[in-house]
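Here's the structure, in structure tokens; my notes come after.
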Amino acid sequence: MRVEVWSDVVCPWCYIGKRRLERALEGFEHAGDVEVEWRSFQLDPSHPKGVRQPVYKALAEKMGGSTAQIRAMTDRVKALAAEEGLEYDFEHSISVNTFDAHRLTHLAKAHGLGAETHERLMRAQLIEGETLDDVDTLVRLAAEVGVPADEARRVLEGDDYTRDVEEDIREARMLGANGVPFFVLDRAYGVSGAQPVEMFLSALRTAYEHEDTPAR
Amino acid sequence: MSAPASQEAPRPEVPAAETSPETSDGARPLTRPVSHAPGLVVLGAGDAEACSDGTCW
């Protein structure tokens, strides 16, 4: 069974959803038959490349209100992330354009390291306050999970995998994903958002049960 | 496995969205009407947390 997940590395609900899916898989009796593939999605493709802004400041400008109000607004997601063992640090998170991070993830995918790289980049963005449009930072993070540093740098300094990222995003739109995380099981079932663990488990069982049923 | 999503109706054995079986807590509907994912049966409550249009809060 194939589970595709559209996600962005700056998306706090995506990391929570990832953990909940992983917990569901731990309880799924056929987990060994499941292949999870992470697909690219940009929450804010209009974010200008090269522009870096503290997350709270960026949110305050975008949504209006003070940074104090924005902090209060993020309390709930921080609390729910903590329940999944994720200690988000929005104080030090930097808003960037994530397109290059996704291109890097596609290189990693070519090395069989897509999932590891997506996990590493999410942690770097949401917990560690790394700057995910910085080439040196991205090369270092990718190398930590086994992506050859020279290849990562070559990709990031060029435009390789641009079409792959664009195709992922186009496909998400085609499937009707208005937000992320967006989970698609065997191209038959969709799960939108960071649903509860029991919901993911139920979806996995439903998809598995109907796996051999051809779509009309 | 990787065929494009069909624009047609979901698999016949799949319960209709309106049947809304519930999860173990008995509170959240397992399925909801397919409103934004052509070719997919969308499972889960519609109020789950997600980021959309660049906003997560």
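The values are calculated or read from the model by the stated rules, or taken from the named source; none is laboratory data. Keep in mind the model is a prediction, meaning the values are calculated, not measured. Virtual Cβ from ideal backbone geometry, glycine too; neighbours counted across all protein chains shown. Ligands, DNA and RNA are stripped out before the accessible areas are found, and what is left, the full protein with its side chains, is counted by its heavy atoms. Shrake-Rupley method; radii C 1.70, N 1.55, O 1.52, S 1.80 Å.
Based on Cβ point charges of +1 for Lys and Arg and -1 for Asp and Glu, what charge dipole magnitude is obtained for chain A about its Cα centre, in debye rounded to the nearest 20?
For chain A, the charge dipole is close to 660 debye.
If you bin every alpha carbon distance in chain A into 10 Å steps from zero, what whole percent lands in each bin?
Whole-percent P(r) values from 0 Å outward: 8, 33, 36, 19, 4, 0.
Using a 10 angstrom cutoff on alpha carbons, build the Gaussian network for chain A and name the most mobile of A:THR74, A:THR98, A:THR117.
Sorting by GNM fluctuation, first place goes to A:THR74.
Starting from the Cα of A:GLN69, step 7 Å along the direction of its Cβ; do the same at A:ASP160; then give the gap between the two resulting points in nm.
With each label placed 7 Å out from Cα toward Cβ, I get 4.6 nm.
Which residues does a label at B:ASP53 reach in region A:36-71, if reach means a backbone N under 13 Å from a point 7 Å past the Cα toward the Cβ?
In region A:36-71, the label zone of B:ASP53 (backbone N under 13 Å from the point 7 Å along Cα→Cβ) covers A:63.
Just the number please: accessible area per residue for chain A, 1.4 Å probe, all protein chains included, in Å².
Heavy-atom SASA per residue in chain A reads 40 Å².
Write out the trypsin sites (Lys or Arg not before Pro) in region A:1-100 meeting two conditions: DSSP loop, and at most 15 other Cβ atoms within 10 Å of their Cβ.
Listed in order of number, the matching sites are A:LYS49, A:ARG52.
What do you get for GluC sites (Glu not before Pro) in region A:1-108 restricted to DSSP loop and a cutoff of at most 12 other Cβ within 10 Å of the site's Cβ?
A:GLU29, A:GLU87, A:GLU91
Under the definition of partner shielding as Cβ atoms of other protein chains within 10 Å of a residue Cβ, what is the mean value for peptide A:14-25?
For this peptide, the per-residue mean of nearby foreign Cβ atoms is 1.
Would you mind pulling out the separation of the Cα centroids of region A:156-200 and region A:21-73, in Å?
The distance from the Cα centre of region A:156-200 to that of region A:21-73 comes to 13 Å.
Which residue, A:VAL5, A:GLY64, A:TYR15, has the largest displacement toward the positive end of the dipole of region A:1-76 when charges sit on each Cβ (Lys, Arg +1; Asp, Glu -1)?
A:GLY64
Among A:GLY114, A:LEU43, A:GLY158, whose Cα projects farthest towards the positive end of the dipole of chain A, with charges put on the beta-carbon of Lys, Arg (+1) and Asp, Glu (-1)?
Farthest towards the positive end: A:LEU43.
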